[in-house]
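Okay, so here's the structure we're looking at.
Rule-based calculations on the coordinates, nothing more; no lab input. Note that the structure is a prediction, hence the values are computed from the model and not measured. Counting neighbours? That spans all protein chains shown, and the Cβs are built from the backbone with ideal geometry, glycine included.
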Amino acid sequence: MVSGTARYDGHSQWYDQRYGPGHPPAEELAFLREALGSGHGQVCVDLACGTGRCAQVIAEAGYRSAGFDISADQLRFARRRLGAVARADICLLPVRNESVPAVVGMFFHTDLEDFGAVLRQVARCLRPGGRFIYAGLHPCFLGPFVNRMSEADEQRLEFLPGYGHVGWANRGSGDGTGLGGRVGFHHKTLASFLGAIASSGLRIRHVREFSGGGVVLPRHIGLVAEN
Ligand SMILES: C[S@@+](CC[C@H](N)C(=O)[O-])C[C@H]1O[C@@H](n2cnc3c(N)ncnc32)[C@H](O)[C@@H]1O
């Protein structure tokens with residue numbers, strides 16, 4: 001069932017050239033690979049799979065991938081890379097209860113309002129002991145309240161007011177990529193990001209911070225949670 005907004009439709013060619021499998025976030029994919037262990041042919045759900053950037057890592061770990069995304073345009077690319085794809089709102093994930101051992105997701109919590117709804121779906125469809133592995137933008141260090149465009153030259157960062165405002169941002173993510181300007185950027189504080197995980201019933205087992213190209217502070221965060 002699809003009820004959300006396909007904000008990426010019309011931007012997928014651009015997105016794939018910039019963020020597709022040819023431009024892997026190396027640290028984050030290595031984290032994903034390590035946390036996935038060995039799949040032995042079981043299914044791994046790729047939430048908000050986009051154009052299929054996680055496909056190779058999921059396959060290398062020995063899982064069969066099933067990707068879900070709300071954007072038909074993104075799925076045009078993903079279906080060449082993932083084992084199976086379906087158009088769906090991940091807040092209403094069409095996966096049976098307690099049916100999968102692993103769910104992964106990358107860089108989508110700033111693309112929707114209700115991260116908690118997604119996590120409740122993850123907790124519902126993971127088997128007992130199953131793993132959720134996520135990597136995304138760091139809530140504290142990327143957002144409309146900080147300009148990350150010139151830190152390499154200046155070796156400093158300037159933070160502006162606004163970190164505490166949860167919601168759609170006018171100014172994008174502050175990283176100069178232009179993605180937020182195209183598709184929107186939903187800022188979450190660290191408390192709202194972690195609170196959504198805690199209230200889903202998933203238990204966080206590991207947390208990692210990634211430079212993501214940042215030289216002053218990390219840009220990305222990753223975590224492994226179990227149900
Ligand atoms: C920044 S992209 C990340 C894609 C991919 N995970 C990656 O790392 O390249 C965010 C993705 O979230 C998808 N998305 C946003 N809201 C969604 C929703 N409610 N249900 C399913 N997909 C959604 C978008 O269509 C987009 O493909």
Helix-only estimate, please: 222 nm mean residue ellipticity of the chain, summing -39500 (n - 2.57) across DSSP H runs of length 4 or more and dividing by its residues, to the nearest 500.
-7500 deg cm²/dmol
Contact order normalised by length for the stretch 10-110, with contacts defined as Cα pairs under 8 Å and 6 or more residues apart; what percent is it?
29
Can you list residues whose amide H is under 5 Å from ARG205's amide H, if they're 5+ apart or on another chain and H is modeled 1.01 Å from N?
VAL224, ALA225, GLU226
So how do PHE31, PHE108 line up by other beta-carbon neighbours within 10 Å, fewest first?
PHE108, PHE31
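Mind checking the full-extension length gain between ALA59 and GLU113? Use 0.36 nm per residue of separation minus the Cα-Cα distance, one decimal, nm.
16.4 nm
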Can you pull the three principal axis extents for the Cα set of the chain, in Å, largest first?
48, 35, 32
I'd like the distance between the alpha-carbon centres of the stretch 161-220 and the stretch 108-151, rounded to an integer number of Å.
7
For the chain, modelled as a Gaussian network with Cα springs under 10 Å, which listed residue fluctuates most, LEU112, LEU160, LEU75?
LEU160
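Just need the relative contact order of the chain here, percent rounded to a whole number, with Cα pairs under 8 Å and 6+ apart.
18
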For the chain, modelled as a Gaussian network with Cα springs under 10 Å, which listed residue fluctuates most, LEU137, LEU119, LEU92?
LEU92
Which of ASP46, ASP9 comes first, and how do the rest follow, when ranked by fewest Cβ neighbours within 10 Å?
ASP9, ASP46
Projected label distance in nm at ALA72 and GLU98, using a 7 Å step from Cα toward the beta-carbon:
3.7
In nm, to one decimal, how far is the modelled label at GLU154 from the one at LEU194, with both set 7 Å along Cα→Cβ?
2.8
Can you sort TYR134, TYR63 by how many other beta carbons sit within 10 Å, fewest first?
TYR63, TYR134
Which whole-Hz couplings ³J(HN,Hα) result when phi for each residue of the stretch 92-100 is put into the Karplus expression 6.51 cos²θ - 1.76 cosθ + 1.60, θ = phi - 60°, listed in order with x for Gly and Pro?
9, 5, x, 10, 5, 4, 6, 10, 10
